[in-house]
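Shown next, in structure tokens, is the structure this report addresses.
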Amino acid sequence: MNTYWPKDHNEGGGVVLSRPFHSRMRAAILILFCCTLLPVSSMNLLTSADPAGSYAPPLPVQGDEATRTLLEQTLSSAEIEREITRITAEQKVLEQKVSKLTEEAAEKKLAIADKQERAGAVVRSYYMGDRDGLLAAFLSAKSISRVLMLFDYYEIIIGRDRDILSQYEKQYKDMQTTLTSAERTSRELAELKTSLEAQKIRVAELNQEIESGVRNSADPDNMSALLKEFTLYWENIGLHEVKTYFKALSSAMNKLPEFVQNRDGVLSREGMTYNLSLKEEDLNEFLVSQNQLFEDFAFHFEDGVVSASGTSGQLTLTLTGRYTIQNEPVNGLMFHVDHIVFNGLELPESTRLALEEEFDLGFYPKKIVSFLRATEVNSNDGVLFVKLSLSF
């Protein structure tokens, strides 16, 4: 990690409300620095506090691409560092799981050895005709009592043989399942290690670029301080704000099928096919009814692209993505986030993927009618079109 990254998020007060005087002074100096750095005519800074009153570092405008690039690189580096921490923790869990599964497989292999030998003896006895004598004795019996006695004896032996084979089969399958799980976990661990190495290389490259950018800036010391403040702001406020929107969206989307079913004109039927036509104004009205957070947030449907943007105080968030059809493990419309712009800065891919995984923004037709499946999806002229087919 380079020297431009804070180790202690609370150092100097961070972004909490009770910032010491010297830290407030540093924030003011940073604002003045950015004001002198950028031309007055090109200024459009977001320098105010967030809704809670905490200090938000100023963001650059279109005229200062160098500073904007450094801030986006700072975002990427911070998020990759967070991803590295997550992957490292997951790696430890997988390593422990692999070790445990390997031990279990070895123990089961030893435990099954005796059952394997006994099962083999049973199979050989049938293959070699060792059980034929019982059958012959049964057929040559000259009295009913003899037949019944031999039948009971025969049933006991056959039942015992069946139990031995059944126990062996069960334990063998159990051992194979454990081995397969160990192998699968080992592959996941290997992939995770490869991903971890790639992330470490990427963050090292980014940090070098950031260091170079800071050195080449007009005022390296103030630029370094600005990036530190921005990192604190993102980790303490920014990421939380983004997740707040995603959490609210996920909760609302879970109730969207009920809205679609009860809203006149949204769902229509043509023979064996249903057509869903969701206008953006209907969706936005629905979102506001679910959460007041969406009063300043709106979806737009245009040319296969779904975009959404909103504000909270002086924080802005813009999502751009698309819906695709998913059939497994369950049919539905899955929303894929292609771009997230937070206060004018685009968030890195790792953040987009993590948010997609954490928050489900999908739409599932089976919640409307259990036998409906989405087969086509498109968006245009402010309307999301979905074709639904019957599936029994």
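The values are calculated or read from the model by the stated rules, or taken from the named source; none is laboratory data. What you see is a predicted model; the values in this text were computed from it and never measured. Counting neighbours? That spans all protein chains shown, and the Cβs are built from the backbone with ideal geometry, glycine included. All accessible areas refer to the heavy atoms of the entire protein, side chains included, with ligands and DNA or RNA removed. Shrake-Rupley method; radii C 1.70, N 1.55, O 1.52, S 1.80 Å.
So here's what we get for this one:
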{"item": "Sorted peptide list for 281-289, 324-332, criterion being average Cβ within 10 angstrom, highest first", "result": "281-289, 324-332"}
{"item": "Accessible surface, per residue, of region 234-392 when the full set of protein chains is kept, probe 1.4 Å, Å²", "result": "48 Å²"}
{"item": "Within the accessible area of region 304-365 (1.4 Å probe), percent carbon and sulfur", "result": "50 percent"}
{"item": "Whole-number percent relative contact order across region 222-317, with pairs defined as alpha carbons under 8 Å at least 6 apart", "result": "16 percent"}
{"item": "All aspartates and glutamates inside 17 Å of LYS108 as judged from Cα atoms, apart from same-chain residues fewer than 8 positions distant", "result": "GLU117, GLU169, ASP174, GLU183"}
{"item": "Linear extension gain, SER391 paired with THR320, 0.36 nm per residue minus alpha-carbon span", "result": "22.4 nm"}
{"item": "Stokes-Einstein D for region 252-308, Kirkwood Rh over Cα pairs, 20 °C, 1.002 mPa s (µm²/s)", "result": "173 µm²/s"}
{"item": "In region 345-375, the chymotrypsin sites (Phe, Trp or Tyr not before Pro) that fall in loop regions by DSSP, at most 12 other Cβ within 10 Å", "result": "PHE371"}
{"item": "Under 22 Å from LYS387, Cα to Cα: lysines that are on another chain or at least 8 residues apart", "result": "LYS255, LYS279, LYS366, LYS367"}
{"item": "Per-pair calculated FRET efficiency, R0 = 45 Å: ALA111 and ARG82 via Cβ, rounded to 0.05", "result": "0.55"}
{"item": "Förster-model FRET efficiency, 51 Å R0, GLU358 and ARG160, C-beta, rounded to 0.05", "result": "0.40"}
